[in-house]
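Worksheet for the structure shown next.
The values are calculated or read from the model by the stated rules, or taken from the named source; none is laboratory data. Just so it is clear, the model here is predicted, and its values are computed rather than measured. Virtual Cβ from ideal backbone geometry, glycine too; neighbours counted across all protein chains shown.
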Amino acid sequence: MSARYRYMSFMKDNGGEHRTRWERVREAVEGAPTELRPRSQADGIEPELAQDLAQFRKVYPKQQLELQYLYGAAQRAFEARTRESLQITLDSLLRSVLRDPRLYDSPGDADLAEYLAQELDGIWARLCQDEAVAVVRGLNFGLTLGAFLSVLLLGVPLWTALPLVLAFALHERTPATAFFRAVFFFPAVLSPAIIGIMFRGILAPEGLVNEVLLAVGIVGEPVLWLDNAALVKPTLIFVLAWASVGAGTVLFAAAMTSVDNHLLEAAKLDGANWLQRLRYVVMPSIASVVAFWVVFQVVSVFLYVFGWIFILTRGGPGYASTTLDFDVYQNAFTNGLFGYASAQSVCLLVIAAIVVIVGFPLARRAERT
């Protein structure tokens, strides 16, 4: 039975799947739920075929490695039905080969090798079709833009407010100001690859964060910080906040040196508390710097978060954390869709240019007012 026939039969038998509309919409946006446990060839066969599997690995090592790679690729397919159909196809193909008496021919039967090659080519074609599903539907760019907007709306206020508060705390004659500035600025000198690898270990299911939460009793099982579509964006926002807080703190601290201390002292004598002095005295004085920082953060989300996404999530689960720059890379160098990636790059350039053209005049206007 060919791979094409098995796939079509499976789709026909499962055409009336019992999934809610919301589950189907969620999959279209995020992809199928992430499978954490890698699936091997031994998982799809009966125990009595273990010896035949060892013979297959010995006689056809290249095809065996390709088959194992396809097991992993099938688990990463975008659509749930594609994952299920490919796993059924792979298991059926492996069992048919292991039960074939020509498997024990030495150095290997040419007809069996040709059959394997044809079946594997069909599976590759199905995987390529799955890769193109999002592109054909026009989802890639829309989903990526949606992920960007959610990160932008949630992240930029935090990335602006946190360094602003820290800078004003240091400006208010905090002890060991130079030490704290150096500590806050330290993440800014590290590359995204180093910080990404560090946080990937810390946020892993068996990482430090989960170990602490489990020890304290806050959670009963490890939290999938980077593999849960509902948690991956807040997690990335926190990591980026930690990485960018140093540069923002130094920038705002330098700008606050131009604020007249007599104004702060007068506000304090008038009974203004710490937050009121920050809101009504400091922020109007450094409004242009704050506006510049906001514009810089918006542009950074477009152009400078590729390293974080590549190391931490690879855009997953589904498209939940895919940004525009990472999607351009995926389409060009992974999927081979160079024309589509070029069009995305032009859109990315236009959007970034609009942000800069609109943002910096607003910054200058804030400075004048």
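Condition test on Pro187, is it surrounded by 12 or more Cβ atoms within 10 Å (Cβ to Cβ), in a helix (DSSP H, G or I) and modelled with pLDDT under 85?
yes
Out of segment 97-124, which residues are over 41 Å from the mean Cα position of the chain (by Cα) and among the hydroxyl-bearing types (Ser, Thr, Tyr)?
Residues satisfying the conditions are Tyr104, Ser106.
Within segment 254-266, track down each residue that is under 21 Å from Ala161 (Cα atoms) and surrounded by 10 or more Cβ atoms within 10 Å (Cβ to Cβ).
Ala254, Ala255, Met256, Val259, Leu264 - these are the residues of segment 254-266 that are under 21 Å from Ala161 (Cα atoms) and surrounded by 10 or more Cβ atoms within 10 Å (Cβ to Cβ).
Considering segment 327-350 alone, what residues qualify as being loosely packed, with under 15 Cβ neighbours inside 10 Å, modelled with pLDDT of 80 or more and of a type in the set (Phe, Trp, Tyr)?
Within segment 327-350, Phe333 is the sole residue that qualifies.
Looking only at helices (runs of 4 or more DSSP H) that fall completely inside segment 1-89, which ones have 2 or more residues that are out of contact with any strand residue (DSSP E or B) (no Cβ under 7 Å at 6 or more places or on another chain), surrounded by 13 or more Cβ atoms within 10 Å (Cβ to Cβ) and modelled with pLDDT under 50?
3-13, 21-30
Collect the residues in segment 167-193 that are touching a residue at least 60 places away in the same chain (Cβ under 8 Å) and within 25 Å of Arg279 (Cα to Cα), keeping them in residue-number order.
Ala167, Phe168, Leu170, His171, Glu172, Arg181, Phe184, Phe185
When you scan segment 299-369 for helices (runs of 4 or more DSSP H) that lie fully inside it, which ones turn up with 2 or more residues that are of a type in the set (Val, Ile, Thr) and under 30 Å from Arg76 (Cα atoms)?
Once the helices (runs of 4 or more DSSP H) in segment 299-369 are filtered for at least 2 residues that are of a type in the set (Val, Ile, Thr) and under 30 Å from Arg76 (Cα atoms), what remains is 306-312.
Residue pairs, Cβ under 8 Å, 6 or more apart or interchain, first in segment 98-127 and closer than 24 Å to Pro47 by Cα, second of a type in the set (Lys, Arg). List them.
Pairs that qualify, where the first residue is closer than 24 Å to Pro47 by Cα and the partner is of a type in the set (Lys, Arg), are Leu112/Arg102.
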